[in-house]
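Here the structure comes first, spelled out in structure tokens, and everything after it is commentary.
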Amino acid sequence: MTTTPKPLAIHKAMSTLVRPKFGPGMLLEHGDLELLPAYTRELNRMMIRSLFGCGVVCGLRVDASEHCGKVRITVECGLAIDCQGDPVHVPKRQQFELDSECDANVPGPLWVVLCGTSKCCAPRTSMCASDEDDEAPALCTRERDAFEIRVLDAPMGCGCQESAGREAFRGSACKCADPSDPCHADHYAGRCGCKDEGCDCCDCDCIILARIDATAERDRPWRAHHSVRRFIRPVLMRDPLVEQEQAAQSQPQDVQVAAARATTGSPKRGPR
């Protein structure tokens, strides 16, 4: 006879996620409709930043060169996730000049960061304005994601900015990140990334892409280093069943027969 465990204490609290619930004949307000995308967005944010944290997902390679006496920055297309868990998408290559009064002798190092922004689009006036307003204000009906690429003369103060100890994982067969690396220690330890002591997201909404250092080379006066960024693309794991099948096929025939008999437990036949 099984007994149900008796709880010694019960503590209940509320989550920050709120989803809408509608009923027949209900009059919907603005806040009810806004809660539909807000719940989905907050849920996606929570899952993405808990599973991966913030960093570069793919692409976003940075290059620096000198063009017409100015430093030219090139950022390839790609995708990143900021500290809030929002994706920052760069759909195509971005290229711009660092205008420092037409002076190519810019003091380094320089830090290239990617920040997500948004733009209000398709404004529309409200059909029912309040009595205090003579004219109905125009409100945006679309919000389009955008981005900014910033070149800083100093580190932001958050994110993975140091390249020390970032070379150890290159010799790994699976090319996994080093668990002892401070940039990935929280991920392997199961702690929530991009969090402060109050379990709230930090205010670091920009992703570090690269550090640009000045060189003594005449043909290439600037060189980009990507070891300062955090790469969060998940590693595809080998299928263990396929690995077992391939290992069995590579064994000699007599070894396969012996392994099959040991698995099925069939008795060995003696000599006739």
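From 211, 223, 218, which residue is open to solvent by 100 Å² or more (accessible area, probe 1.4 Å) and either at pLDDT below 85 or not in a loop (DSSP other than H, G, I, E, B) (or both)? Spell out how you get there, then give the answer.
On the way: 211 fails: open to solvent by 100 Å² or more (accessible area, probe 1.4 Å); 223 fails: open to solvent by 100 Å² or more (accessible area, probe 1.4 Å).
Result of the check over 211, 223, 218: 218.
Would you mind finding the one in 130, 100, 126, 163 that is at pLDDT below 90 and closer than 23 Å to residue 192 by Cα? Let's see the steps before the verdict.
Values: 130 fails: closer than 23 Å to residue 192 by Cα; 100 fails: closer than 23 Å to residue 192 by Cα; 126 fails: closer than 23 Å to residue 192 by Cα.
Result of the check over 130, 100, 126, 163: 163.
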Report summary line: From the option list 15, 50, single residue qualifying as assigned to a loop (DSSP other than H, G, I, E, B), modelled with pLDDT under 90 and either loosely packed, with under 13 Cβ neighbours inside 10 Å or of a type in the set (S, T, N, Q) (or both) is 15
Requested in this report: Within region 136-157, count every residue that is farther than 13 Å from residue 123 by Cβ and in a loop (DSSP other than H, G, I, E, B).
Outcome: 5
**Report entry** Options 77, 58: the member that is among the hydrophobic types (A, V, I, L, M, F, W, C), at pLDDT 90 or above and under 12 Å from the mean Cα position of the chain (by Cα)
**Finding:** 58
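Among 58, 77, which is the only one that is in contact with a strand residue (DSSP E or B) (Cβ under 9 Å, 6 or more places away or on another chain), in contact (Cβ under 8 Å) with a residue 24 or more places away in the chain and exposed (fewer than 15 other Cβ atoms within 10 Å of the Cβ)? Lay out the reasoning, then the answer.
On the way: 77 fails: in contact (Cβ under 8 Å) with a residue 24 or more places away in the chain.
Exactly one residue qualifies, and that residue is 58.
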Report summary line: Conditions (1) out of contact with any helix residue (DSSP H, G or I) (no Cβ under 6 Å at 6 or more places or on another chain); (2) open to solvent by 80 Å² or more (accessible area, probe 1.4 Å) -> residue 39 fails only (2)
Report summary line: Taking first residues from region 204-228 that are within 13 Å of residue 113 (Cβ to Cβ) and second residues anywhere that are of a type in the set (S, T, N, Q) and open to solvent by 20 Å² or more (accessible area, probe 1.4 Å), the pairs with Cβ under 9 Å that are 6 or more apart or on different chains are 205/84; 208/161; 210/227; 211/161; 211/163; 211/227; 228/161; 228/163
Report summary line: Exception for residue 23 within (1) open to solvent by 50 Å² or more (accessible area, probe 1.4 Å); (2) part of a loop (DSSP other than H, G, I, E, B); (3) on the phi < 0 side of the Ramachandran plot falls at (1)
Query raised in the report: What is the one condition in (1) surrounded by 12 or more Cβ atoms within 10 Å (Cβ to Cβ); (2) in a helix (DSSP H, G or I); (3) at pLDDT below 75; (4) not aromatic (Phe, Trp, Tyr) that residue 257 does not satisfy?
Result: (1)
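The values are calculated or read from the model by the stated rules, or taken from the named source; none is laboratory data. As the structure is a prediction and not an experimental result, all values here were calculated from the model. Cβ coordinates were reconstructed from backbone atoms using ideal geometry, including for glycine residues, and neighbour counts include every protein chain displayed. Heads up: the accessible areas ignore ligands, DNA and RNA and are worked out on the full protein's heavy atoms, side chains in. Shrake-Rupley method; radii C 1.70, N 1.55, O 1.52, S 1.80 Å.
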